[in-house]
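To start, the structure under review is shown below, and the notes come after it.
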Amino acid sequence: PEPVKEVHAAVLDGQVYVAGGYDDDDTPTDAAFRYRPDVDAWESVAPLPEARHHMPLAVAGGSLFAIGGIAPDGTAAATVWVYDVVADAWSARAPLPTPRGASAAGTVDGEIVVVGGYDEEGRLVAPVAVYDPVADAWRDGADIPTPRDHLAAAVVGGTLYAVGGRPRNAGANFDVAEAYDAASDSWTARSPMQTRRSGLGAAVVRDVVYT
């Protein structure tokens with residue numbers, strides 16, 4: 001319904017959600033939208049509690065979560081919000097252990113795994129952050145081998161793939177692909193992309209990751 005950029009998307013109950021980003025005036029926005037493929041139509045949903053951009057969305061336990069991102073003042077945020085479809089409302093959950101902007105997230109075995117991004121001081125964040133939605137609690141996981149922001153993440157089976165990104169420098173994009181095994185809390189390097197890129201997206205179709 002409105003132009004937006006620097007947003008993420010997630011699918012809940014067969015519908016696509018996007019939230020936050022910049023509007024067409026390059027102003028951070030709190031707007032959130034839902035796309036219904038069955039009728040090929042977009043609709044507005046409740047706005048975020050505060051404007052955010054570079055904020056990943058993830059679905060776990062049948063709920064949509066908005067994780068961290070960059071606040072209107074330009075600093076990384078630790079906020080975590082969950083969307084209630086029935087009430088059309090957002091509410092707060094346990095914040096991230098460390099603020100993260102321009103990170104990426106995926107869901108593995110019912111838990112949200114957040115990788116990469118930078119903190120409120122602009123430093124790259126190495127530890128994985130794992131969220132248990134039942135306990136509403138976070139724990140640290142193994143450090144990502146190549147700390148970076150503006151990366152993409154996708155999950156196949158019990159493995160999260162962290163793809164591309166950059167080290168706070170748009171002129172130094174990575175072609176890196178690294179795989180996080182949640183069961184063993186460990187990382188392995190995978191085949192790099194043919195080109196270096198950041199600010200990219202990733203999705204899974206039939207157990208194949210596309211970027």
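The values are calculated or read from the model by the stated rules, or taken from the named source; none is laboratory data. Treat the numbers as computed from the prediction; the structure is a model and nothing was measured. Cβ placement follows ideal geometry from the backbone for every residue including glycine, while neighbour counts extend to all protein chains displayed. The accessibility values were calculated without ligands, DNA or RNA, using every heavy atom of the protein model including side chains. Shrake-Rupley method; radii C 1.70, N 1.55, O 1.52, S 1.80 Å.
Just a few scattered comments:
- Among strands (runs of 3 or more DSSP E) entirely within the stretch 1-119, having at least 3 residues that are of a type in the set (D, E, K, R), touching a Pro at 6+ places or on another chain (Cβ under 7 Å) and open to solvent by 60 Å² or more (accessible area, probe 1.4 Å) singles out no element at all.
- Residues (polar (S, T, N, Q) and surrounded by 15 or more Cβ atoms within 10 Å (Cβ to Cβ)) located in the stretch 176-210: SER198
- Some residue of the stretch 86-106 being among the β-branched types (Val, Ile, Thr) and touching a residue at least 40 places away in the same chain (Cβ under 8 Å): no
- In the stretch 61-110, the residues that are of a type in the set (Asp, Glu) and either at positive phi or under 13 Å from the mean Cα position of the chain (by Cα) (or both): ASP88, ASP109
- Test: residue in the stretch 184-207 that is under 29 Å from GLY62 (Cβ atoms) and of a type in the set (Asp, Glu): yes
- Assessment of the stretch 135-151 against the conditions (open to solvent by 30 Å² or more (accessible area, probe 1.4 Å) and among the small types (Gly, Ala, Ser)) yields at least one matching residue.
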